[in-house]
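This report concerns only the one structure given below.
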Amino acid sequence: MDEPASGVPQFKEPFFKDDVLILYMHPYNFYSQKILLLLYEKNIEFTPYVMDLLNGEQYSKWFLNLNPKADVPVLKDQSFAVTDSQHIINYIENKFCDGIYNSLKPFKVNSLEFNKLQMFCNILAPLPIGALSLGSFIHDVDLKLVPKPPFTGPLRKGCLGNNEKVLEFLKQSLLEVGVNRAPLMRKLEIQERRKRFVYSRSEYEKILDAIRSVLEFFERDMTAHSKTEWLISNDFTMADIALGLLLLRLYQLGFENYYWSYGKLPNIESYFLRFKKRSACQKLMPSNFEFLKDIWQMTPNKYKIGTGAGVLGMAMMMAFAHK
């Protein structure tokens, strides 16, 4: 990693064989997890590249050429790059749809089930997971949260400081010659607005209330359709990935007592227990270590050396500590 006079770190672009499916991601980024879970559920082979988000690799020239919005995840299929998690989901579902791959949108277009799946995903998509996560580090004491790995210990303590550091990288990247400023300006506006929201207890409460309303909606729907194992039917779908990952993030941040435990939302609680037992979900659980071990083993050896190894290595040490 080199740091030019502008203050924006520059990382060397990784190179892979042309015939591999590459996911540029971070293990604890919510939207990266959504794609990881989809790939695991469909048993699709891929190569992960762990982005060093804390040191600003997303603002390197090579990655901005790949995604001018500087966001993860990005899926690269040979020379074709897909950005935005929803676009990646659609791409994966459309390409890997024959008999050997499970479909997570198994219903005919415009059928009742298909429309319900789309509606559920649309309800869940706008929830501000980044603001939810960051605010939980600020208001954890008065909310009486009980955080779980990976959002404990050094990672939890470092998130607030690192958020300021990464925000500064974003501001510096706007000064770079030749950079596409429009998407980065939009990102900066979102980041600064999020910062204002999460530090204000009253504004953060609005986020928590919005999530409560969504969970109560799904609690009522589960009551009305108690004979189906998953949201739409007995088949696990993209709607279940969306809701299940929301519940997993809430659980890891320590919100289970705040929202659903002790009989508050019994259907949500039992649904989450089923979700956690799925083998694909188990791979995302740092306390079980399987997720980080798989990522480490699939990462090409030459990318285990240097900054990327530091990021992933720290996460692996944390996973060991919480086994």
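Here are a few things to note about the model shown:
- Counted by Cβ distance under 12 Å from D18, the other residues give a net charge of 0, where Lys and Arg count +1 and Asp and Glu count -1.
- Taking amide H positions as modeled 1.01 Å from N, with prolines and chain starts lacking one, the residues under 5 Å from Q10 and 5 or more places away or on another chain are D2, E3.
- As a calculated quantity, the FRET efficiency between H139 and H87 at R0 = 41 Å, using C-beta atoms, amounts to about 0.80.
- Separation in nanometres of the label points that stand 7 Å from Cα toward Cβ, at E203 and Q78: 4.7 nm
- Placing pseudo-labels 7 Å out from each Cα toward the beta carbon at L175 and K69 gives an inter-label distance of 2.7 nm.
- Whole-Hz Karplus values for the range 217-230 come out as 4, 5, 4, 5, 5, 5, 5, 6, 10, 5, 8, 9, 6, 10 Hz, taken residue by residue from phi with 6.51 cos²θ - 1.76 cosθ + 1.60 and θ = phi - 60°; glycine and proline positions read x.
- Accessible area of the range 124-284 belonging to carbon and sulfur atoms, whole % at 1.4 Å probe: 56 percent
- For the pair D98 and A125, the difference between a 0.36 nm per residue extended length and the Cα-Cα distance amounts to 7.1 nm.
- Of K148/K264; K148/K187; K105/K165, pairs whose Cα-Cα distance is over 31 Å: K105/K165
- Net lengthening on full extension, S226/T47 (0.36 nm per residue, minus Cα-Cα): 60.6 nm
- Positive minus negative residues near R220 (Lys, Arg vs Asp, Glu; Cβ under 15 Å): -1
- Note on H87: accessible area is roughly 110 Å² with a 1.4 Å probe, heavy atoms of protein only.
- Positive minus negative residues near G263 (Lys, Arg vs Asp, Glu; Cβ under 15 Å): -3
- Heavy-atom accessible area per residue - the range 124-284, 1.4 Å, Å²: 46 Å²
- Solvent-accessible surface ranking, highest first, for L37, L66 at 1.4 angstrom: L66, L37
The values are calculated or read from the model by the stated rules, or taken from the named source; none is laboratory data. In this text the structure is predicted, and so the values were computed from the model without any measurement. Reconstructed Cβ throughout: ideal geometry from the backbone, glycine too, with neighbour counts over all protein chains shown. Surface accessibility is based on the protein's heavy atoms, side chains included, excluding ligands, DNA and RNA. Shrake-Rupley method; radii C 1.70, N 1.55, O 1.52, S 1.80 Å.
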